[in-house]
């Protein structure tokens with residue numbers, strides 16, 4: 001029973017996968033991936049985070065140990081008979097586009113996220129990119145959280161738009177990339193797209209632009225955030241989830257959500273993501289320290305100061 | 001003789017053309033264009049600017065009157081027998097790419113920029129994108145200016161690289177777009193590209209990223225500037241020259257060039273460019289006021305504040 005343990009400040013629901021990835025820099029086989037892995041690891045620098053996800057019986061013990069290294073609460077990690085979700089992809093020369101080679105859903109195909117009793121009063125919730133019906137299922141299990149962020153993708157806009165809209169209506173922040181924002185809203189300019197998306201319910205829309213940074217839209221304000229410039233990117237996989245995880249970690253640590261805290265959280269999320277892409281999988285995050293994050297955050301702020 | 005008139009604070013050397021442009025929003029025929037037109041109009045809000053360029057005898061009087069409306073010093077505007085430079089292009093749906101339909105150099109083919117005596121002691125110089133040998137020819141005619149910025153394009157990297165490198169060595173700032181920065185440096189990441197370009201001589205490298213803003217690199221610092229988000233873009237033609245013109249206008253007005261002034265100048269250049277693309281040609285700049293620029297600059301700073 002986890003009833004008596006304190007609720008994690010942040011709950012992350014998402015995928016856990018074994019990835020095989022080729023970038024212009026290198027190729028790595030069967031490495032830990034998945035949105036929940038990246039987001040939880042990033043959040044762990046700032047707050048106590050609980051993971052909700054599913055793996056198969058083949059899931060390596062060393063990866064569970066890595067989660068423990070990050071002090072991730074694993075009460076919500078389910079192990080079921082079968083193989084873990086596997087994904088394989090190749091990035092093009094400029095890393096802007098990637099091509100999926102294979103997707104084997106395996107145990108992820110029948111994933112029904114179940115929140116442990118101890119997670120139900122968690123104040124912060126990040127619904128990483130999974131099927132909208134599953135996201136709704138999570139929202140039904142949690143007591144009114146203080147702040148919920150949802151991520152999505154083109155696939156659900158095309159195949160499950162009604163469910164997705166039902167999710168978007170119930171969350172505080174929608175995060176998605178530029179083309180998805182245009183696609184879901186039907187508007188060409190980001191400003192019009194963001195206004196249309198805000199009218200669907202969320203108080204904030206966070207548009208991710210990859211190496212060009214991100215933009216936070218609310219009813220009354222806009223925050224334009226560039227990306228931290230990097231010498232070399234090894235693997236951009238999981239950058240968006242690392243960004244969102246770091247952001248949510250800072251919010252959960254602050255306990256309140258206002259415009260200055262959100263902007264600060266975006267800076268830290270972006271900094272953690274900038275470290276993450278310097279290596280494959282969670283390799284760089286594994287050795288990262290809060291002091292290194294603070295140093296880079298300071299440099300980053302200097303680069304944004306007018 | 002112009003010997004006795006005060007030197008303009010800023011001299012702009014570039015093209016003057018008659019454009020026919022189709023964007024997803026509208027099509028306009030035979031409208032005033034050219035890098036010198038955009039840059040001088042933008043600079044005119046902040047400083048006195050002298051234009052060096054060439055037009056044919058067909059150049060409309062109304063366009064000369066428009067230059068006068070902006071109080072541009074026209075001592076360096078040469079009128080020669082023949083037709084004015086003409087360019088025609090079409091923008092794709094997202095305005096990221098444009099296709100040239102036709103280019104008629106006309107009198108621009110034999111352009112030999114001649115600085116009026118009154119311009120030779122001007123402290124600020126913007127060499128817009130013209131053939132590098134002509135840019136060198138201008139540098140030979142001007143007394144050591146306090147700050148010179150040069151713009152270039154892929155064509156010269158491919159066809160006149162040695163001359164271009166000779167120009168770059170003699171200027172304070174090189175401005176170019178992302179793909180040109182990669183092309184000229186041979187480096188993939190912008191950070192490495194910028195370092196390589198700084199080693200060629202200039203103190204600053206300003207990389208333009210269109211709707212994603214720009215980045216200013218120097219030996220010791222980086223400034224990441226986003227772009228002002230717009231409801232609708234009518235015509236992006238000349239945005240880079242408007243940006244550079246506004247930037248140089250602010251620098252010339254300040255009289256000094258240091259990091260805070262440069263960042264401020266980039267904000268104002270970007271704001272003027274954001275107005276410029278709201279209409280074709282100089283249509284929006286024609287009615288723009290300094291008060292409108294200040295209001296938007298204030299909003300823009302709010303959007304960048306962390």
* Could you rank the peptides A:63-70, A:148-155 by their average count of other C-beta atoms within 10 Å per residue, with the highest value first? => A:148-155, A:63-70
* Asked: D for the protein assembly as shown, whole µm²/s, Stokes-Einstein with Kirkwood Rh over alpha-carbon pairs at 10 °C and 1.306 mPa s: what number?
  -> 61 µm²/s
* Take peptide A:186-194, look around each residue's Cβ out to 10 angstrom, count Cβ atoms belonging to other protein chains, and average those counts. => 3
* Asked: By DSSP, what percent of the beta bridges with both residues in chain A are antiparallel, rounded to the nearest 5?
  -> 40 percent
* Candidates B:160, B:181, B:273, ranked by Gaussian network fluctuation over chain B, Cα under 10 Å, top entry -> B:160
* Pseudo-label separations to other copies for residue B:114 - Cα-to-Cβ vector, 7 Å, nm -> 8.9
* Structure fact -> Under the helix-only model (-39500 (n - 2.57) for each DSSP H run of 4 or more, divided by the residues of chain A), the mean residue ellipticity at 222 nm, to 500 deg cm²/dmol, is -11000 deg cm²/dmol
* Structure fact -> Bridge orientation stat for region A:123-233 from DSSP, antiparallel percent rounded to 5, came to 45 percent
* To do: Would you mind computing, in nm to one decimal, how far apart the modelled labels at residue B:188 and residue B:220 are, each placed 7 Å from Cα along Cα→Cβ?
  => 3.3 nm
* Calculate the length of the line joining the C-alpha centroid of region B:230-280 to that of region A:177-241, in whole Å. => 24 Å
* To the nearest whole number, what is the average tally of beta carbon atoms from other chains within 10 Å of the beta carbons of peptide A:292-301? -> 1
* Whole-Å semi-axes of the ellipsoid equivalent to region A:65-120 (Cα gyration tensor, √5λ, descending) -> 29, 17, 11
* Structure fact -> 1/(1 + (r/R0)^6) with r = Cβ-Cβ of residue B:170 and residue A:80, R0 = 56 Å, i.e. FRET efficiency to nearest 0.05, evaluates to 0.25
* Where the label is 7 Å out from Cα toward Cβ, how close does residue B:60 come to the same position in every other copy, in nm, shortest first? -> 6.8
* To do: Kindly work out what percent of the DSSP beta bridges joining two residues of the protein assembly as shown are antiparallel, to the nearest 5.
  => 40 percent
* To do: Using a 10 Å cut-off on Cβ to Cβ distances, tally the other chain neighbours for every residue of B:219-231 and report the average as a whole number.
  => 5
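I want to verify the translational diffusion coefficient of chain A in µm²/s; compute it with Stokes-Einstein, Rh as the Kirkwood radius over Cα pairs, at 4 °C and 1.567 mPa s.
Estimated diffusion coefficient is 67 µm²/s.
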* Output, in nm with one decimal and in ascending order, the distances from the residue B:299 label point to the matching label points of the other copies (7 Å from Cα along Cα-to-Cβ). => 3.5
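How do the peptides A:107-114, A:90-97 rank, highest first, by the average count of neighbouring beta carbon atoms within 10 Å per residue?
A:107-114, A:90-97
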* To do: Would you work out the relative contact order for chain B, in percent, from Cα pairs under 8 angstrom that are 6 or more residues apart?
  => 18 percent
* Taking the axis that carries chain A onto chain B, what is the nearest Cβ in chain A, and at how many Å, to the whole number? -> A:212, 2
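Since every read-out is calculated from the coordinates, none of them should be taken as a lab result. Remember, it's a predicted structure, so these values are computed and weren't measured experimentally. Quick reminder, even Gly has a Cβ in these numbers, built from the backbone with ideal geometry, and neighbours come from all protein chains shown.
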